[in-house]
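Values in this text are rule-based calculations from the coordinates and carry no lab data. Computed from a predicted model, the values in this text were never measured in an experiment. Heads up, the Cβs are rebuilt from the backbone with ideal geometry, glycines too, and the neighbour counts pull from every protein chain shown.
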Amino acid sequence: RIGAATTWTRIARTVLPAAFAGLQAAAREVGSIQIQNAGTIAGNLCNASPAADGVPPLLTLDAQVELASLDRRRLLPLSEFLTGVRRTALTPGEMVTAILLPDPPAHAAGAFDKLGSRRYLVISIAMVAVVIGLDASGRIDHARVAVGSCSPVAQRLTELEADLIGQCLGDIRLTPAHLTPLSPIDDVRGSAGYRLD
């Protein structure tokens, strides 16, 4: 359970299992150090930007968003909480109180990579987060892949995830069909084709 007011600095510096390494890498990419010290995980989600650095890694961790109002408390999968560009499933009088993450497989490891026009203080052109687990024979037995800045809301690539199961890391082949959930746009940061590539 990560409280809504938890800062990105706290997430980056907390000792967490290897599956959370992608979330921690994203935490180090959110704005500047000053923003990381003040910016919160709930703020990143409620802003509902397609380029929100925290969303892809949280999707790979099967995050749920805890919402509360005077009348009720409810949980929504992150994929249902974000409904579009700058739009969420928050109702009037409701606020995010926490992000809930199930225990990831102990043998899984996470990663995050972001492409921008420069190294720091940049809105991403594209980003990807993964959580991968390997069995004793070195074959993938747990796979989560999410892409941000390439559709109105960050997307899990579930067909790719399914195709990764049972493969060795060196055997992975990406096909155009794996990218069908994505719908990148042309903007000042990059063309749709560049993002897709």
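Suppose every Lys and Arg Cβ carries +1 and every Asp and Glu Cβ carries -1, with no other charges. What dipole size does the chain come out with about its Cα centre, to the nearest 20 debye?
Details: 18 positive and 18 negative charges, 126 e Å.
For the chain, the charge dipole is close to 600 debye.
Compute a Gaussian network model of the chain, connecting alpha carbons closer than 10 Å, and tell me which residue from PRO152, PRO57, PRO102 fluctuates the most.
Looking only at PRO152, PRO57, PRO102, the largest GNM fluctuation is found for PRO102.
Largest first and to the nearest Å, give the Cα extent of segment 3-103 along each principal axis.
35, 28, 23
Return the whole-Å distance between the Cα centroid of segment 167-187 and the Cα centroid of segment 7-72.
24
Note down, for segment 51-107, the three equivalent ellipsoid semi-axes (square root of 5 times each alpha carbon gyration tensor eigenvalue), biggest first, whole angstrom. Working shown, then result.
Working: eigenvalues 93, 46, 11 Å².
Calculated on Cα positions only, the semi-axes equal 22, 15, 7 Å.
Give me the orientation-averaged projected area of the Cα convex hull of segment 51-149, in nm², one decimal.
One quarter of the hull surface, i.e. the mean projection, equals 7.8 nm².
Using only the alpha-carbon atoms of the chain, report the extent along each of the three principal axes, biggest first, to the nearest angstrom.
Projected onto the principal axes, the Cα atoms of the chain cover 50, 41, 31 Å.
What is the packing order of peptides 104-115, 5-16, taking the mean over residues of other C-beta atoms within 10 Å and listing the highest first?
104-115, 5-16
Take peptides 39-49, 123-133 and line them up by average Cβ neighbours within 10 Å, highest first, as a rough protection proxy.
Ranked by mean Cβ neighbours within 10 Å, highest first: 123-133, 39-49.
State, in angstrom, two size descriptors of segment 108-191 derived from its alpha carbons: Rg to one decimal place and Dmax to the nearest whole number.
14.2, 46
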